[in-house]
1. On the basis of being surrounded by fewer than 18 Cβ atoms within 10 Å (Cβ to Cβ) and under 11 Å from the mean Cα position of the chain (by Cα), does THR74 make the cut?
2. Taking into account only those residues within region 78-127 that are at positive phi and at pLDDT 95 or above, which is most open to solvent (accessible area, probe 1.4 Å)?
3. Check VAL111, VAL130 and return the single one that is more than 12 Å from the chain's Cα centre (by Cα) and touching a residue at least 40 places away in the same chain (Cβ under 8 Å).
4. List the residue pairs whose Cβ atoms are under 6 Å apart, where the first residue sits in region 72-83 and is part of a loop (DSSP other than H, G, I, E, B), the second is open to solvent by less than 70 Å² (accessible area, probe 1.4 Å), and the two are 6 or more positions apart or on different chains.
5. Quick one: which of TYR65, TYR57 is hydroxyl-bearing (Ser, Thr, Tyr) and either open to solvent by less than 50 Å² (accessible area, probe 1.4 Å) or within 21 Å of VAL12 (Cβ to Cβ) (or both)?
6. When the residues of region 12-49 are narrowed to those that are in a strand (DSSP E or B) and surrounded by fewer than 13 Cβ atoms within 10 Å (Cβ to Cβ), which ends up modelled with the highest pLDDT?
7. Restricting attention to region 84-120, report how many residues are closer than 12 Å to PHE37 by Cα and part of a loop (DSSP other than H, G, I, E, B).
Amino acid sequence: QVRLVESGGGSVQAGGSLRLSCAVSGEAYSRTCWAWFRQTPGKEREGVASISVGPAYAGGITEYYPDSMKGRFTISRNNADDTLYLEMDNLKPEDAGVYYCATNLRRMCDVDWTDPSKYEYWGQGTQVTVSS
């Protein structure tokens, strides 16, 4: 079992920055896919960043972003404090939503990393509001 708890959401003006955190507890595996999703009312959850963490021969650490987030969002995983982070810069009103962290243990991220059904564990979400 894995427990994920997000924090760091809030309100920010367009152009501002936020850093979301996801505290991780429970089982750990040598190969894991971690991701951040966001959801707005009436829409499906959208993958905004993912990071594969595994041994070097399996690809090591690799980050994935949709084109619309490249250069603005940065995902990272700190093993020392068991926390997943999402640094969001130059925020736009369309970035608003509830942000969730998720993980798929025992496998690295793949081309289907944006598919929510591929993830076993989810946090409860944290709200991000961006005003214009």
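1. Considered against the rule, which asks whether it is surrounded by fewer than 18 Cβ atoms within 10 Å (Cβ to Cβ) and under 11 Å from the mean Cα position of the chain (by Cα), THR74 comes out as yes.
2. Applying the first criterion (at positive phi) to region 78-127 yields 82, 90, 97, 106, 125.
Remaining after also requiring at pLDDT 95 or above: 90, 97, 125.
Details: ASN90: 83, GLY97: 6, GLY125: 16 Å².
That would be ASN90.
3. Exactly one residue qualifies, and that residue is VAL130.
4. Note: pairs meeting the criteria are ARG72/ASP89; ASP82/VAL24.
5. One residue alone meets the criteria, TYR65.
6. Filtering region 12-49 down to residues in a strand (DSSP E or B) leaves 12-13, 18-26, 32-39, 46-49.
Cutting the leftovers down to surrounded by fewer than 13 Cβ atoms within 10 Å (Cβ to Cβ) gives us 13, 25-26.
Numbers: GLN13: 97, SER25: 93, GLY26: 90.
Across region 12-49, the extreme among qualifying residues is GLN13.
7. The qualifying residues number 5.
The values are calculated or read from the model by the stated rules, or taken from the named source; none is laboratory data. These figures come from a predicted structure and were not determined experimentally. In this analysis, Cβ positions are derived from the backbone assuming ideal geometry, glycine residues included, and neighbour counts consider all displayed protein chains. Note: areas computed on protein heavy atoms with side chains; ligands, DNA, RNA excluded. Shrake-Rupley method; radii C 1.70, N 1.55, O 1.52, S 1.80 Å.
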